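Written out below as structure tokens is the structure these notes cover.
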Amino acid sequence: YALHLRDLGYPVNMVNAGAASSHPNTDSEGPGFENFKAEMYWSFRKALEAGEVHGIRDVETQRQLKATRYGNTPRGKVAIESKPDYRKRVGGSPDRAEAVIMAFLPPVRTDALVGWEMDSMEKESIWR
């Protein structure tokens, strides 16, 4: 869908969910994450717990959000089940759940965007 929206002229950031997490190690600020996908899901979970998410009325999206499993790697990092594992267990793809989760992404992480290039001045301005 992202490519279609981009073709229609909408601004779209392509996200690489397999990119390295910006918080890979467990510390006093919270758990470590296996990859950016796990970090996105956890961030969304925290937003739900804080009451910051409202109005998800689509039954299929709710089902996908509830069905997605997470666990810990042998190194103690939070990991989200892979799409093939989800498909095998549930059937179909968690595409709606992932779309909602990506809509709640914190400010742009340029290293997790696909095909994104900017100079160092632009990078610095995003993180201020």
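Assess whether K83 counts as being at pLDDT below 95 and in contact with a Ser or Thr (Cβ under 7 Å, 6 or more places away or on another chain). Considered against the rule, which asks whether it is at pLDDT below 95 and in contact with a Ser or Thr (Cβ under 7 Å, 6 or more places away or on another chain), K83 comes out as yes.
Per-residue answers, yes or no, for (1) assigned to a loop (DSSP other than H, G, I, E, B); (2) under 16 Å from E81 (Cα atoms):
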site: L3; (1), (2): no, no
site: G9; (1), (2): yes, no
site: A19; (1), (2): yes, yes
site: H23; (1), (2): yes, no
site: W42; (1), (2): no, yes
site: L48; (1), (2): no, no
site: E52; (1), (2): yes, no
site: R57; (1), (2): yes, no
site: Q64; (1), (2): no, yes
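Residue under question is E34, and the condition is that it be under 21 Å from S93 (Cα atoms), modelled with pLDDT of 90 or more and either in contact with a Lys or Arg (Cβ under 7 Å, 6 or more places away or on another chain) or of a type in the set (V, I, T) (or both); does it hold? Spelling it out, E34 is indeed under 21 Å from S93 (Cα atoms), modelled with pLDDT of 90 or more and either in contact with a Lys or Arg (Cβ under 7 Å, 6 or more places away or on another chain) or of a type in the set (V, I, T) (or both). The residues of region 92-106 that are among the small types (G, A, S) and open to solvent by 30 Å² or more (accessible area, probe 1.4 Å), listed by number, are G92, S93, A99, A103.
Does S125 satisfy being at pLDDT below 95, more than 24 Å from A2 (Cα to Cα), hydroxyl-bearing (S, T, Y) and part of a helix (DSSP H, G or I)? When the stated conditions are applied, S125 passes them.
Of A19, A103, all but one fail to be touching a residue at least 60 places away in the same chain (Cβ under 8 Å) and within 15 Å of the chain's Cα centre (by Cα); the exception is A19. Being among the β-branched types (V, I, T) and exposed (fewer than 15 other Cβ atoms within 10 Å of the Cβ) is true of V59.
The values are calculated or read from the model by the stated rules, or taken from the named source; none is laboratory data. Values in this document were obtained by computation on a predicted structure and should not be read as measured data. Cβ coordinates were reconstructed from backbone atoms using ideal geometry, including for glycine residues, and neighbour counts include every protein chain displayed. Quick note on the areas: whole protein, heavy atoms, side chains included, nothing else; ligands and nucleic acids left out. Shrake-Rupley method; radii C 1.70, N 1.55, O 1.52, S 1.80 Å.
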